[in-house]
Amino acid sequence: MKKPNFIERFIKKPFLTVFVVILVAAAILYIEYQKPDISNAKPEKTDAQKDLKYPIAPDFVGIGRWINSEPLKIEQLRGKVVLVDFWTYTCINCIRTLPYLKEWDKKYRDKGLVIVGVHTPEFEFEKKYENVLKAVNDYQLKYAVAQDNNYATWSVYQNRYWPHKFLIDVDGYIRYDHIGEGAYDETEKMIQLLLKERMERLNKKNGINVNITKPSDMPEFQKIGTPEIYFGYQFDRGNLGYQGLKPDSTTDFKISPSPYKNYVYLSGKWKYSIDNMELVSDEGEILLIFEAKKVNIVAGSENGSDAYVYLDNNPLNEKNKGNDVQLNANFSVSKINEFKLYNLVSAGNYGTHALDIAAVGKGFKIYTFTFG
């Protein structure tokens, strides 16, 4: 595959993109600030105390299929500590929390912790049971996973985010919740506190492992200068380098000779669909100037497509290729088949780079860019 020829121009992103990112971050920080400090939290003794402070956890409703479990009800889990995790399998923020959930499941399952992953899809293909089942197996999740395709349980929990974790005590009260990544030590300490309450209720010795799960390879979020980018018109956040696109229209795109940082540019014929851009011509190109260390795409192709990946006009190499990229003598390529998250770039350091994807194969669909 011939290397694309374009001019790198690292231009600062416009004010609007910065404002949106700051606004979203501020909203999440405000919500987190309202939560109680658990650093010196003590076990709650009576339901009367709890009624004044905590809501009762809603039940699981509208669940289509269950994985790793028979159908569960909150009522039948009374006496257990329950962690409800809203997630979806292509969400990079959700994926980065899974090692912690798996470790907590392993450490505390026999102490009374029950984890329920409520899988609420962001994209249409995430509604397929087979896709969710494969993801659960690929990530080696052993705890219960519920398919909430119609957002029923999502709605009764008044949820708006992926991921979002709720901790429910032995009496069915929501005692803690956390939005997004991070706060792993805080969350685990709350798990330990609730399990201690359970042990006291059962007149058993504590026996809780108080060692805190150590972070894995966590991103340095302050060094990521590019927000998550959506391609479909339903979730468009204004990061496509074109204005006035009509929903479900097909356009023969040209890449701008002066691309802005954090904006996506295309060449070839693409259909602007509800949650993706679909390649209509046999070949197409995607250009993005980004600031991060790792780059992922959510993509898929029913008939199979190839994505030739170039970083700063060069094929990837062993030092910067992602897990889903194969190296050849003259090119680096990701085979796009199943609909999932593909890791394309995994550089050693954070920085600003030009990413070019030469897509080959009509029917290639791209949904998002995410960064680490």
What helix-only [θ] at 222 nm does the chain give? Using -39500 (n - 2.57) per DSSP H run of at least 4, over all residues, to the nearest 500, the answer is -6000 deg cm²/dmol
Check: C-alpha center region 175-197 vs C-alpha center region 51-74, spacing in Å is 18 Å
In this structure, the FRET efficiency calculated for residue 302 and residue 237 from their beta-carbon separation, with R0 = 22 Å, to the nearest 0.05, is 0.25
Over all directions, region 284-372 yields a Cα convex hull whose mean projected area in nm² is 5.0 nm²
For the chain, the charge dipole (Cβ of Lys, Arg +1; Cβ of Asp, Glu -1; about the Cα centre) points to a positive end, and the Cα of 330, 112, 156 closest to that extreme belongs to 112
The computed P(r) of the chain puts the percent of Cα pairs beyond 40 Å at 21 percent
Ranked by GNM mean-square fluctuation in the chain (Cα springs under 10 Å), the top entry among 341, 113, 193 is 193
The lysines whose Cα lies under 16 Å from the Cα of residue 127, excluding any fewer than 8 residues away in the same chain, are 340
Using eta = 1.306 mPa s and T = 10 °C, Stokes-Einstein with Kirkwood Rh from Cα pairs puts D for region 248-328, in µm² s⁻¹, at 111 µm²/s
When the charge dipole of region 266-330 is computed with +1 at the Cβ of Lys and Arg and -1 at the Cβ of Asp and Glu, the Cα pointing farthest to the positive end, of 281, 317, 307, is that of 317
Checking 210, 84, 360 against a Gaussian network model of the chain (alpha-carbon springs below 10 Å), the top fluctuating residue turns out to be 210
Shape descriptor, region 168-208: equivalent ellipsoid semi-axes (Cα gyration tensor, sqrt 5λ, whole Å, largest first) stand at 22, 13, 4
About its Cα centre, region 243-372 carries a charge dipole, from +1 on Lys and Arg Cβ atoms and -1 on Asp and Glu Cβ atoms, whose size in debye to the nearest 20 is 240 debye
Contour minus Cα-Cα span, residue 109 to residue 161, at 0.36 nm per residue, comes to 16.2 nm
Over 19 Å (Cα to Cα) among 102/214; 223/261; 128/165; 134/362 -> 128/165; 134/362
Semi-axes a, b, c in Å (a largest) for region 163-245, each sqrt of 5 times a Cα gyration tensor eigenvalue, come to 41, 17, 7
Percent antiparallel among DSSP beta bridges confined to region 35-218, rounded to 5, stands at 55 percent
Of 275, 51, 312, the most mobile residue in a GNM of the chain (C-alpha springs, cutoff 10 Å) is 51
Per the charge dipole of the chain (beta-carbon charges, Lys/Arg positive, Asp/Glu negative, Cα centre), the residue among 192, 133, 179 reaching farthest to the positive end is 192
Computed on Cα atoms, Rg of region 35-218 relative to 2.2 N^0.38 Å comes out at 0.99
Correct semi-axes for region 222-371, from √(5λ) of the alpha-carbon gyration tensor and rounded to whole Å with the largest first, are 22, 18, 14
The size of the Cβ-based charge dipole (Lys, Arg +1; Asp, Glu -1) of region 294-370 about the Cα centre, to the nearest 20 debye, is 100 debye
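Bear in mind that the values in this text are calculations on the coordinates, not laboratory data. Nothing here was measured: the structure is a model prediction, and the numbers come from that model. Neighbour counts are summed over all protein chains in view; Cβ atoms, including those assigned to glycine, are modelled from backbone coordinates with ideal geometry.
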